[in-house]
């Protein structure tokens, strides 16, 4: 099985990825859309904030949903093989209602399953690596999202590494 990685930005080339503002309402920072024939296992995810003052913690979720957010679509180069540079392209669905980042609309979700939920200081970072064999599984035709809810807007960078 191959591991893949995506960030909440276009894949970096000549400059580092640009952090994205959280805003002050719930916001999907990164979304991975599984195709109808494939589930995935997230193995590692993380988020970091560039807040400059102590403020209320930011609620950070890694969650499976049944409805897509409207996002900036990732292109194939935005979903990179992580452990095998010669691997085939990811099978995840790309598009503005599929795999992408920086949601402009959250959609009307009717079902969720949380893989992780933390409150993180806006001047800090968080990441989690599942123990081998204990990974969360995201079903076919579902959406894995990194969502945040912040009291004050700060910039954030996040990533997910998954196996497919």
Quiz prompt | Förster radius 41 Å - calculated FRET efficiency between residue 117 and residue 88 (Cβ-Cβ, nearest 0.05) | solution = 0.80
Quiz item: Distance from the Cα centre of the stretch 72-140 to that of the stretch 3-20, in angstrom?
Solution: 13 Å
Quiz prompt | Cβ-based exposure ranking for 64, 164, in which fewest neighbours within 10 Å come first | solution = 164, 64
Quiz prompt | 91, 132 arranged by Cβ crowding within 10 Å, fewest neighbours leading | solution = 132, 91
Practice problem: Equivalent ellipsoid semi-axes for the stretch 59-147, as square roots of 5 times the alpha carbon gyration tensor eigenvalues: give them largest first, rounded to whole Å. | Solution: 21, 19, 15
Quiz item: What order, most packed first, do the peptides 17-23, 27-33, 111-117, 75-81 have when packing is the mean number of other Cβ atoms within 10 Å of each residue?
Solution: 27-33, 17-23, 75-81, 111-117
Quiz item: Per Stokes-Einstein, at 10 °C and 1.306 mPa s, what whole-number D in µm² s⁻¹ belongs to the stretch 1-53, with the Kirkwood radius over Cα pairs as the hydrodynamic radius?
Solution: 114 µm²/s
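The numbers here are math on the coordinates, done by the rules we state, and not lab data. All values derive from a computational prediction rather than experimental measurement. Please note: Cβ atoms are built from the backbone with ideal geometry, for glycine as well, and neighbour counts cover all protein chains shown.
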